[in-house]
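Below you'll find the structure, written out as structure tokens, and then a few comments.
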Amino acid sequence: MAFDIPALAPRPPRGWNSFDCFGSAVTEREVLENAAILARDFLPLGFDTVVVDYCWSHPDPGPCVNPDQASGHLPRLAIDEEHRLVPAPERYPSAAGGRGFAPLAARVHALGLKFGLHLMRGFPRQVLAEGTRTRRGGLAPADIADPSDTCAWLNHMCGVRADHSAGQAYYDSVFQLYAGWGVDFVKADDLTCPYREREIEMIDRARRACGRDIILSLSPGACPPERADHVARHAEMWRLSPDFWDRWEDLRRAFDLCAAWAERRRPGCWPDPDMLPLGRLSRRGPSGPERDSRFNPAEARS
């Protein structure tokens, strides 16, 4: 497959992401309802991508910020026999029977839209604790995962080893699954702050080999300016800041960040000041009470 980064994202990808309204707890029904509105009202303006944000394998994260697993890795995340996260059927009924996100992606595509999802970097800790090998490839969790490499704000995963072939094989398997589902966009998290060079390269290598064009967006912020050349080689988008909310100070800072990164902007490579917090926010967290955006009309246009 010829893989041309500028051709994947000649303009900044635009669309709707579930995080600002639903936090970690969006459901299939809500994704489809918002996709229908996006297709009807915003697709003509170039907003064409629907992204399911984090914790989609969690059966019931509730209205909280970053729902950690408790002792004993409970609640259990939905995982297939290759130790890859799959959608929790409690929230995504069409995923039952091993269908994953394929039915939901097909319905989004039928609206003329692209389908995206969130990827938490790494390997599920609950599987590492069990030690069972993958069914097809026979990969051992101890060869895939580094238990000392953890995320500071969500305890579901640990890092994937770059010093063992099983690590790359695991990421290859993940992106083969996503390609089979029909994924067009991946927001890969816990990669840029701190900056995880080798794991970014592994993820990029896996998506390039998966047989489907998939745009890669890296989070969270802030991406270190000294890594600008590296990140532009491996992703179409990368976050410039922590989560951007409906506060004047966040908006004012975004202008400074965009100015600082402007010379790095070109077709296919987009420094990302984060999602626009417009409309109904924080229905199930993660920042403040449920509300309409606090930005006034002038700030919202800005």
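Just a few scattered comments:
- By accessible area, using a 1.4 Å probe on protein heavy atoms only, the chain has 53% of its surface on carbon and sulfur.
- Using C-alpha pairs below 8 Å separated by at least 6 residues, the relative contact order for the stretch 198-292 is 22 percent.
- The distance between label points at Cys64 and Leu45 comes to 3.6 nm (points 7 Å beyond Cα on the Cα→Cβ vector).
- Rolling a 1.4 Å probe over the protein heavy atoms gives the stretch 240-302 an accessible area of 59 Å² per residue.
- With each label modelled as a point 7 angstrom along the Cα→C-beta vector, the Ala162-Ala262 pair spans 3.3 nm.
- Farthest towards the positive end of the charge dipole of the chain, among the residues Trp181, His164, Val52, is the Cα of Trp181, using unit charges on the Cβ of Lys, Arg, Asp and Glu.
- A simple charge model with +1 on the Cβ of Lys and Arg, -1 on the Cβ of Asp and Glu and nothing else charged puts the dipole of the chain at about 480 debye relative to its Cα centre.
- Extension gain, Ala298 to Arg212, is 27.0 nm, computed as 0.36 nm per intervening residue step minus the present C-alpha separation.
- The stretch 159-292: C-alpha pair distances exceeding 25 Å, %: 34
- For the chain, the relative contact order comes to 19 percent (Cα pairs under 8 Å, sequence separation of at least 6).
- Residues whose placed amide H lies under 5 Å from that of Arg14, excluding near-sequence neighbours: Asp48, Thr49
- The stretch 46-105: C-alpha gyration tensor shape, a/c 1.5 cut-off, then a/b vs b/c: oblate
- Probe 1.4 Å, protein heavy atoms only - accessible area per residue of the stretch 96-235 in square angstrom: 38
- In range of the label at Glu81: residues from the stretch 136-158 whose backbone nitrogen is under 14 Å from the point 7 Å along Cα→Cβ: 136-139
The values are calculated or read from the model by the stated rules, or taken from the named source; none is laboratory data. Values in this document were obtained by computation on a predicted structure and should not be read as measured data. Here Cβ is always computed from backbone atoms with ideal geometry, including for glycine, and neighbour counts include all displayed protein chains. Areas reflect the complete protein model, heavy atoms only, side chains present, ligands, DNA and RNA absent. Shrake-Rupley method; radii C 1.70, N 1.55, O 1.52, S 1.80 Å.
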